[in-house]
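Notes for the one structure printed next.
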Ligand code: PMP
C-alpha cells in the first residue's frame with residue numbers, strides 16, 4: 001500500500017538537516033540533481049565495505065555477488081520502465097552518454113547525407129549537440145519543432161516536419177528549463193506513422209511520471225540515476241531489442257566482446273555489447289536502491305504530491321510584483337522558471353543562497369530556449385518529493401527580501 005508521509009520522507013534524506021550560511025537548507029535545485037536518501041547512501045557504503053569487486057569477470061565470491069547486484073539493477077530498471085527484456089536495458093554513465101550512443105551507433109550507420117532528424121525547440125544541449133555533430137559528419141539535417149509563448153510544442157508544425165527523409169525523432173519528455181510535459185504518446189504515434197523511431201530524453205520525467213516503455217511504444221529512452229535519488233555516474237539507455245541488435249557497439253574494450261584475435265573480434269550480446277570496460281559498479285548497484293526507494297512511495301503518489309506543491313508554489317510566486325514566468329504550459333511537472341523585471345537572475349540566486357535557499361540560475365543548458373524568450377537566463381525552482389509548502393513560504397519571503405534589496 002503506497003503512503004505519502006512527508007515527515008518520514010524528509011527524515012530519510014540526511015542532507016536536509018544541514019544548514020547553509022547559518023540557515024536551514026532549502027533545496028530547490030532538484031532538476032540539476034536530487035539529494036540521496038539514507039537507504040542509497042548506506043548501499044554505497046555497504047558496496048565498498050562489503051562487496052567491492054569487479055563485475056562480469058571473476059569466479060571468486062566477491063565478484064559474483066557484485067555481478068549479481070549489478071544485474072539486479074538491470075532487472076529493477078526493466079520492471080520500473082516495464083521493458084519487455086532485461087537485455088534492452090543498457091547501463092550508461094547518464095542521459096548524455098545514452099543519447100550519444102544513439103547518435104553514434106544508430107546515427108552513423110542508419111542516417112546519411114540529406115536525411116533528416118527532428119528534435120524540439122526545448123531540448124537540453126545534450127539532445128541538440130550530438131545530433132549537430134552527426135549532421136556535420138554525415139551531411140544530414142536537423143529540423144526543430146517550434147514552441148509557442150507558453151512553452152508548448154506546435155503539433156501541427158511537428159506533423160509537417162516529416163518527410164521520406166526523416167530518420168529519427170528525439171525530444172524531451174519534460175523540459176528542464178520550462179517544466180512542460182510533452183504529449184509523448186501522441187508524438188511517438190505520429191513518428192511511427194512514418195516508421196520513424198523515437199528517442200525520449202526522460203532525464204526530467206523518470207522521477208516524476210510513471211513511464212511504461214511498452215505502452216508508449218517508444219524505441220529508445222534515456223535517463224540519469226542522479227536525478228532520481230540515485231548515485232551520480234550511472235544512467236540508462238533503453239532500446240527495443242531489434243534496434244539495439246542491428247546497431248554496432250559504441251566503444252571497444254573489455255566486456256563488449258565474445259572473442260578477440262588479431263584478425264577479428266566478435267561482439268558480445270545485448271546488453272554487454274554496449275557496456276565496454278569496467279562500469280561505475282557502485283553507482284550501478286546502488287541505482288537499484290534508488291528505484292526501491294521510489295517504489296516504496298510510488299511514482300503516482302510522488303506525482304500527486306509534487307503537482308500540489310507546484311500549484312502552491314506557482315500561485316504564491318505569481319503574487320510577487322514584477323515576476324514573469326517562463327513556461328506556462330497547461331501540463332507541467334515540478335519546474336518553475338521565472339525572471340524578475342530589471343533584475344539579473346544571477347543576483348537573485350546569490351541572495352537566496354545567503355538565506356540557505358538553493359535555486360539554479362542561468363540558461364539551464366537550454367540556450368535556444370532562452371533565445372526564444374529573449375532572456376539571458378531564468379531563476380529555476382525545481383521540486384522533489386521531499387520539498388514542502390513551508391519551504392515554498394521560505395522561498396517567497398527570501399525572494400521578496402532579495403527583490404527589495406536589488407530594486
Ligand atoms: N536532458 C535533460 C532534460 C536534462 O535535464 C539533463 C540534465 N540537466 C540532461 C539531459 C543531461 O543529463 P546528464 O547530465 O545526467 O547526462
* **Lone qualifier among 213, 198 - being modelled with pLDDT of 95 or more, surrounded by fewer than 24 Cβ atoms within 10 Å (Cβ to Cβ), away from the ligand (no atom under 16 Å from the Cβ) and closer than 21 Å to residue 124 by Cβ** => 213
* Structure fact -> Filtering the range 19-66 down to residues that are within 16 Å of the ligand (Cβ to nearest atom) and assigned to a strand (DSSP E or B) yields 27, 29
* In this structure, is residue 226 within 16 Å of the ligand (Cβ to nearest atom), at pLDDT 95 or above and assigned to a loop (DSSP other than H, G, I, E, B)? -> no
* When you look at residue 82, is it on the phi > 0 side of the Ramachandran plot, modelled with pLDDT of 95 or more and more than 16 Å from the ligand (Cβ to nearest atom), yes or no? -> yes
* Asked: Among helices (runs of 4 or more DSSP H) lying entirely in the range 310-407, which contain 1 or more residues that are within 16 Å of the ligand (Cβ to nearest atom)?
  -> 367-373
* Could you check, for the range 103-112, whether at least one of its residues is within 19 Å of the chain's Cα centre (by Cα) and within 16 Å of the ligand (Cβ to nearest atom)? => yes
* Regarding residue 111, is this residue over 30 Å from residue 16 (Cβ atoms) and in contact with a strand residue (DSSP E or B) (Cβ under 7 Å, 6 or more places away or on another chain)? -> yes
* Structure fact -> The condition from (1) under 30 Å from residue 62 (Cβ atoms); (2) touching a residue at least 12 places away in the same chain (Cβ under 8 Å); (3) in contact with a strand residue (DSSP E or B) (Cβ under 6 Å, 6 or more places away or on another chain); (4) exposed (fewer than 13 other Cβ atoms within 10 Å of the Cβ) that residue 269 misses is numbered (3)
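Matching residues to (1) farther than 12 Å from residue 26 by Cα; (2) surrounded by fewer than 17 Cβ atoms within 10 Å (Cβ to Cβ); (3) free of Cβ contacts under 8 Å to residues at least 40 places away in the same chain; (4) in contact with a helix residue (DSSP H, G or I) (Cβ under 9 Å, 6 or more places away or on another chain):
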| position | (1), (2), (3), (4) |
| --- | --- |
| 356 | no, no, no, yes |
| 362 | yes, no, yes, yes |
| 372 | yes, no, no, no |
| 379 | yes, no, no, yes |
* **Test: residue 98 is within 16 Å of the ligand (Cβ to nearest atom), touching a strand residue (DSSP E or B) at 6+ places or on another chain (Cβ under 6 Å), within 24 Å of residue 292 (Cα to Cα) and part of a helix (DSSP H, G or I)** => yes
* Would you mind stating whether residue 188 is in a loop (DSSP other than H, G, I, E, B), modelled with pLDDT of 95 or more and touching a helix residue (DSSP H, G or I) at 6+ places or on another chain (Cβ under 9 Å)? => no
* If we keep just the residues of the range 25-53 that are buried (at least 16 other Cβ atoms within 10 Å of the Cβ) and more than 27 Å from the chain's Cα centre (by Cα), which is nearest to residue 396 (Cα to Cα)? -> 51
* Among (1) surrounded by 22 or more Cβ atoms within 10 Å (Cβ to Cβ); (2) within 16 Å of the ligand (Cβ to nearest atom); (3) in a strand (DSSP E or B), where does residue 118 come up short? -> (2)
* Structure fact -> Within the range 124-151, the count of residues that are within 16 Å of the ligand (Cβ to nearest atom), touching a strand residue (DSSP E or B) at 6+ places or on another chain (Cβ under 6 Å) and not in a strand (DSSP E or B) comes to 3
* Is there a residue in the range 158-171 that is out of contact with any helix residue (DSSP H, G or I) (no Cβ under 6 Å at 6 or more places or on another chain), part of a loop (DSSP other than H, G, I, E, B) and within 16 Å of the ligand (Cβ to nearest atom)? -> no
* Asked: Is there a residue being in a strand (DSSP E or B) and surrounded by fewer than 21 Cβ atoms within 10 Å (Cβ to Cβ) anywhere in the range 282-304?
  -> no
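The values are calculated or read from the model by the stated rules, or taken from the named source; none is laboratory data. The shown structure was predicted, so the numbers you read here are calculated from the model rather than taken from an experiment. Cβ atoms come from the backbone with ideal geometry, glycine included; neighbour counts cover every protein chain shown.
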